[in-house]
Amino acid sequence: MVTYGLQAVYREAILTPADLQFWEQDRIKKRAREIVTQRAQGFMTLAFSSIHFRELRDAVARAAEELSTRPDEDLDYFWSARRGVPTYYAPLFLGVRRKSYLRSASLESVGEGLALHLLEDRVRHGDIFALELFCRPLGSTPDLMMYYRSDPSRLALVEAKATEKQELNGVLTEAVTQLLEVFQGWQNHRDLRHTHGFAVATSIFTPGTFVVSVLKTVFTP
Amino acid sequence: MKKIALLAQWAGDFKTAQVEYDRLFTESLDEGDPVEARLLVTPGAVCELVSSIEQGEAHPVELLKEIIARKEAQIRSRFAGKDQSKAEGEDLIREMLEAGRQVAQAVRDLMPDSNAGENRAEQHKRDTPLQLVSNERFVSVHSHPRGLETRSYYRADITVDLEATKERLIQQAGATFTGQTDRMLEVEVLGELLEIFIDGRVRWVSEPQDPNRVGKLVLEIGSKLVLRA
């Protein structure tokens, strides 16, 4: 496939000191769920319609934690396999949990690449994104550290998640949970008012199309 | 600027990346910003190491120790004095030493006994990518499973006017375009596809051929990019 459909929505949520006061996992998750399902506002459909496979490969090469040189081909095989078309091997499912055959090896990499692709945008949504990659921490959260082109002193911590399922709120909540944990430590080093959080969730449920939900958190003391 | 350091790394221009990281690291120390310094110290050391290996450094682990020691002295001199400041400096040094150990181990794993079984000079000549520079455009040509991979970037934060570039390349280079988005052009050159990105990066994967030829061709195409004001 040469181009893939790209449907993206954007919301913002206010982060308060109360969101960062708990250390118990279940309470952090509860806060994250509340942010995703109740507090996120300003729903906006972003003006993206497609991504070229070379753009996807380039973004994945720069953002992904693991090497994935041709994520587009992995996805094409994944979508074909899901339709029942045999790929390299016949589907062999032994009932082992979390070892489903229908899982794309490039799933996480694609989620990270798409997060970079959207947030780097300086053409369609230069007013809300136009971020630049600062570094890609390996083996730790967040997935990407970025800064605003207009003001390099303002940072953005990005957590990307991807799922084969259609529903995005679950993975978005996971991403916000991890961001809350990072911000709990980050506030010891930096003024949170100058650091935004971006939770980016991607669904590859629909063949040939990426559905992405971006949630930006802005800290207000 | 952080962007130049990252672009330079992408293109394999490790010397420029090192200079940028070192400058940013020194700035962050001068501004008393240990968080920023933490994020910059290891990439700078790694870029200096890689750049030296490309220039034929035979003892990379020893060189890494020297680089770390130099940066440690720089941190100690900057954070000497007040207790809180000193503690921040010690934290930074501890993290840098740990990162240095990981990098040294990676070097040992990736370059085990590099002198064994082969003439080192020959090996170095074969493995070192071709690099060309002209008017701030840098080009490197690496080996690739399909032949050669050429990567190029411009040593400034630029935005390419893709529409105007497309017109110019059609008129002046007889280029054929096979794809275009708002951030990328896909150009057919000598039967192979070349990618031009909005931030000035150019990437080309081509069949095995003279690296000088592809390097100069990418340099030529790079010189024709139209930049936005």
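Only the coordinates and a few stated rules stand behind these numbers; no lab work does. Quick caveat, the model's predicted, so the values are computed rather than measured. For neighbour counting, all protein chains shown are included, and Cβ atoms are generated from backbone atoms with ideal geometry for every residue, glycine included.
Residues A:HIS117, A:HIS52, A:HIS194, ranked from the fewest to the most other C-beta atoms within 10 Å, line up as A:HIS194, A:HIS52, A:HIS117. Across the protein assembly as shown, Cα-Cα pairs farther apart than 35 Å form 37% of the total. Ordered by the count of other Cβ atoms within 10 Å of each Cβ, fewest first, A:TRP23, A:TRP186 give A:TRP23, A:TRP186. Normalising the average separation of contacting C-alpha pairs (under 8 angstrom, six or more residues apart) by the number of residues puts the relative contact order of the stretch A:14-86 at 17 percent. Across peptide B:181-187, the mean count of Cβ atoms from other chains lying within 10 Å of each residue's own Cβ comes to 5.
Normalised by the number of residues in chain B, the average gap of Cα pairs under 8 Å and 6 or more apart makes the relative contact order 17 percent. In summary, the helical segments of chain A meeting the span-like criteria, namely a full DSSP H run, a Cα extent along the axis of 20 angstrom or more and a mean Kyte-Doolittle hydropathy of at least 0.0, are A:169-186.
A viscosity of 1.567 mPa s and a temperature of 4 °C, combined with the Kirkwood radius over Cα pairs in Stokes-Einstein, give a translational diffusion coefficient for the stretch B:153-229 of 103 µm²/s. For chain A, the mean residue ellipticity at 222 nm estimated from helices alone is -9000 deg cm²/dmol, where every DSSP H run of n ≥ 4 contributes -39500 (n - 2.57) and the total is divided by all residues, rounded to the nearest 500.
When you restrict to C-alpha pairs under 8 Å that are six or more residues apart and normalise by the size of chain A, the relative contact order lands at 27 percent. Across chain B, the fraction of Cα-Cα pairs farther apart than 32 Å, rounded to a whole number, is 33%. Per residue, chain B reaches -18500 deg cm²/dmol at 222 nm when only DSSP H runs of four or more residues are counted, each adding -39500 (n - 2.57).
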